[in-house]
Amino acid sequence: MLGNLIQQTVNALTIGSIYALIALGYTMVYGVLRMINFAHGEMFMLGAYVAFLALSLLVGDVGVSGALALTAAFLVAIFLVGLIGVGIERVAYKPLRSSTRLAPMLSSLGVSLSLVTGVQILAGPQPVAFPSFFPVVRYQVMGGTITLMQIGILIAAFVLMFGLHVLVNRSRIGIIVRAVSESRPTAQLLGINVNGAISMVFFVGPLLGAAGGILYSSYYGIMSPSMGAVIGLKAFTAAILGGIGSIPGAMLGAFILAFIEVWGTALLPIVTNGVLGTEYRDVLAFAILILVLLVRPAGILGEAVSEESIVYKREF
Amino acid sequence: MAAADTLATARPRANRTISWLVLAIAIALIVATPFLPNYHVRVLNSLLIYILLGIGLNIVIGYTGLLDLGFVAFYAVGAYSYGLLASPQLGLHMPFLLILLVAACLGAFTGILLGIPVLRLRGDYLAIVTLGFGEIIRIIINNLDWLTGGPQGIARLDKASILGIQIARPIDFFWLLLITVLIVGTVVWRLERSILGKAWAAIREDQDAARGIGINTTNAKLAAFATSATIGSIAGAIFAASQRFVSPESFTLQESVLIVLMIVVGGIGNIFGIVAGAAILILLPELLREFAEWRILFLGLLMISLIIARPAGIVPRSFGPEKLIRGLFGK
């Protein structure tokens, strides 16, 4: 029983840290641009595909192997996806910055559709086996099994999140990004490079999302062009749950969602006496999301947004 | 002075030409339809269903200014009403018109069901909750195997018939859909000009001011959700009758998004815009069918460029049905 408890907790933490990496991208873009970037799930998918490509090039052509190749592929992939993110912002979102709030959101849907089909055309629509980034080692802890991979994912995710924390709260870039998020016109008046700050957000967000994608694909051993949609929606839910725009909120929301999912899957059939099975896991997630939004629309850690700022006055 | 006069007289004349042109093309297309092969008629039918859906969703998005990303849930309610009431699934074989009525009522009911909890929400939060609502309905349909047949869906639905006239061939559905679109379109167009429609517009422009001048925003919003859901359900029931098969696959989030896009790309708040948007997003992929997946890539890129090039839509709000009628009858 205790073993099972520990096992489930570790599983939830692993999934939660992956959700958190992706949720951070949603929340950062929303914090600075007040825009929901529906193409963010595709950054997650691109991360896995670019890492796969980089790894096969490194192993096949350059002849590097082992931990060095894996680390190099990981870093190259997240950096490249970060650059792709900046490029997408320039092409598809920047021209819409002064138009309605609906326009960039729909443009991001177009980007998402194009990326999924683009990868489908290049790599085929079928799921592909993904190499494990960690050797198979199991540890027994008080009756539960924890794999080296889970520990690796947790460490990688926490290093990245700590890096983001330092970047946002302790660096010059962080101050600039926070200033732009606070008020874009004021930041502009103060001579802050607003475009640079937005590019930075669109570099870091996709980079974290890509890292999440690589870890996720490595964990489940599989990747597919359409995987960004479902996980993206989950991570998005996590960002809302924690309070969109808030970085600690995104992490908290991700872990809460992961725990609800893992425990819900285990408990739902027992509690409802088999009427509702594990297949209602996603309903559970969305139902909780709706409840939270109704009780506390700003999410758990989000600041209460004044109604005027989200009114659709000039939207249409 | 002279220049102003020419402008004033020239504009209505240009309008009149455009209006007659639009009407002539529409009539020519409708007259030609019975001579088209079945496949083409089916494509036109799906276009008409999307136009119907667009008209329904536009009430919430375009008129009232609330972003609804879960519209497909109402479409599903209508389709499953037909699926359950006219198939061997429950052993019921109710007549088509009665089911249409049931579907409309169920649609209105679900619309209010969604409307009540989200009344307090605005903007992005509303979009997210409606998105979640749509997903919940889809997952429930997907898992309620004993009732909905789960992912396999319900097959062998009855052939529809109205007052003894059987509606089975694609061309029959074309006429049915055309009449429905015309009736619903006219009703909605009149509704926009009614007191209720003006209340919707007031909410869209400034909710607080609308409440300030005595508009019951709660009722107006609920009415918008209910009307929109009713139209979505009717479209769903006709869709199910024409496919004679329903499955959860037809009611994904992507479908909701496609309808929102149709409205935005075509021209928000304008019935002609919806027709144009539907024509681009439904017909174009159909025309490019031989290019397989390339067409979806193309559609995605087209979507981005259209939104960037024409943020107000292809047919702007200023060219609405009134202009067409004024052009035709010179009022």
*asked:* I'm told A:S226 meets every condition in (1) over 16 Å from the mean Cα position of the chain (by Cα); (2) within 14 Å of chain B (Cβ to nearest Cβ); (3) open to solvent by 50 Å² or more (accessible area, probe 1.4 Å) except one. Can you identify the failing condition by its number?
replied: (1)
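Out of all the residues in segment B:251-266, which are polar (S, T, N, Q) and open to solvent by 20 Å² or more (accessible area, probe 1.4 Å)? Reasoning before the result, please.
To start, the set of residues in segment B:251-266 that are polar (S, T, N, Q) comprises B:252, B:254, B:256.
Within segment B:251-266, B:T252, B:Q254 qualify.
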_Where A:G25 falls short, out of the listed (1) touching a His at 6+ places or on another chain (Cβ under 7 Å); (2) within 14 Å of another protein chain (Cβ to nearest Cβ)_ = (2)
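Going by the conditions given, is B:S81 crowded, with 21+ Cβ neighbours inside 10 Å, closer than 21 Å to B:D158 by Cα and at pLDDT below 85? It would help to see each step written out before you state the result.
Working: crowded, with 21+ Cβ neighbours inside 10 Å: yes; closer than 21 Å to B:D158 by Cα: yes; at pLDDT below 85: no.
No: the conditions fail for B:S81.
Can you tell me which residue among A:A129, A:A157 is in contact (Cβ under 8 Å) with a residue 12 or more places away in the chain and under 19 Å from the mean Cα position of the chain (by Cα)? If you could, list the steps in order and put the result at the bottom.
Numbers: A:A129 fails: under 19 Å from the mean Cα position of the chain (by Cα).
The match here is A:A157.
Let's see how each residue does on (1) within 30 Å of A:N169 (Cα to Cα); (2) modelled with pLDDT of 85 or more; (3) crowded, with 20+ Cβ neighbours inside 10 Å; (4) hydrophobic (A, V, I, L, M, F, W, C):
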| position | (1), (2), (3), (4) |
| --- | --- |
| A:A250 | yes, yes, yes, yes |
| A:E279 | no, no, no, no |
| A:D282 | no, no, yes, no |
| A:A285 | no, no, yes, yes |
| A:L289 | yes, no, yes, yes |
_If I ask for residues that are β-branched (V, I, T) and surrounded by 13 or more Cβ atoms within 10 Å (Cβ to Cβ), which ones from segment B:188-209 would you list?_
B:V188, B:I203
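Residues are listed down the side, and each one gets a yes or a no for (1) more than 14 Å from every other protein chain (Cβ to nearest Cβ); (2) among the charged types (D, E, K, R); (3) open to solvent by 20 Å² or more (accessible area, probe 1.4 Å):
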| site | (1), (2), (3) |
| --- | --- |
| B:R211 | no, yes, yes |
| B:I215 | yes, no, yes |
| B:S233 | yes, no, no |
| B:F245 | yes, no, yes |
| B:E249 | no, yes, yes |
| B:I296 | no, no, yes |
| B:L301 | no, no, yes |
*How many residues are within 13 Å of the chain's Cα centre (by Cα) and open to solvent by 10 Å² or more (accessible area, probe 1.4 Å) if we restrict to segment A:253-265?*
1
*Answer with yes or no whether B:L48 is away from chain A (no Cβ under 14 Å), more than 19 Å from B:T252 (Cβ to Cβ) and not in a helix (DSSP H, G or I).*
no
*Residue list for segment A:108-125, restricted to those being more than 7 Å from every other protein chain (Cβ to nearest Cβ), assigned to a helix (DSSP H, G or I) and in contact (Cβ under 8 Å) with a residue 24 or more places away in the chain*: A:S108, A:S112, A:L115, A:V116, A:V119, A:A123
_Can you tell me which condition B:P151 does not meet? The list is (1) surrounded by fewer than 19 Cβ atoms within 10 Å (Cβ to Cβ); (2) within 14 Å of chain A (Cβ to nearest Cβ); (3) more than 30 Å from B:V41 (Cα to Cα), and all the others hold._
(3)
*Does B:I171 qualify as being of a type in the set (V, I, T), out of contact with any strand residue (DSSP E or B) (no Cβ under 8 Å at 6 or more places or on another chain) and crowded, with 16+ Cβ neighbours inside 10 Å?*
yes
*asked:* If A:T272 meets every condition in (1) surrounded by 16 or more Cβ atoms within 10 Å (Cβ to Cβ); (2) at pLDDT below 75 apart from one, which number is that one?
replied: (1)
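If you check B:V102, B:V118, B:V77, which single one turns out to be at the interface with chain A (Cβ under 9 Å from one of its Cβ atoms), of a type outside the set (D, E, K, R) and touching a helix residue (DSSP H, G or I) at 6+ places or on another chain (Cβ under 8 Å)? Let's see the steps before the verdict.
Details: B:V102 fails: at the interface with chain A (Cβ under 9 Å from one of its Cβ atoms); B:V77 fails: at the interface with chain A (Cβ under 9 Å from one of its Cβ atoms).
None of the others qualify; the one that does is B:V118.
Hey, among the residues in segment B:136-146 that are more than 8 Å from chain A (Cβ to nearest Cβ) and in contact with a Phe, Trp or Tyr (Cβ under 9 Å, 6 or more places away or on another chain), which one's most open to solvent (accessible area, probe 1.4 Å)? Before the answer, list the steps.
So in segment B:136-146, the residues more than 8 Å from chain A (Cβ to nearest Cβ) come out as B:137-138, B:141, B:144-146.
With in contact with a Phe, Trp or Tyr (Cβ under 9 Å, 6 or more places away or on another chain) added as a condition, the list becomes B:137-138, B:141.
Values: B:I137: 36, B:R138: 56, B:I141: 21 Å².
Filtering first and then ranking leaves B:R138.
In a helix (DSSP H, G or I), within 14 Å of chain A (Cβ to nearest Cβ) and closer than 19 Å to B:G236 by Cα: is that true of B:F133 in this structure? Show your work before the answer.
Working: in a helix (DSSP H, G or I): yes; within 14 Å of chain A (Cβ to nearest Cβ): yes; closer than 19 Å to B:G236 by Cα: yes.
Criteria met by B:F133.
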*Please work out which residue is surrounded by the most Cβ atoms within 10 Å (Cβ to Cβ), limiting yourself to segment A:67-101 and to residues that are small (G, A, S) and at the interface with another protein chain (Cβ under 9 Å from one of its Cβ atoms).*
A:A92
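The values are calculated or read from the model by the stated rules, or taken from the named source; none is laboratory data. Keep in mind that this is a model prediction, so the values were computed, not measured. With ideal geometry, Cβ positions are generated from the backbone for all residues, glycine too; neighbour counts draw on all protein chains shown. Keep in mind that these areas ignore ligands, DNA and RNA; they rest on the heavy atoms of the full protein, side chains included. Shrake-Rupley method; radii C 1.70, N 1.55, O 1.52, S 1.80 Å.
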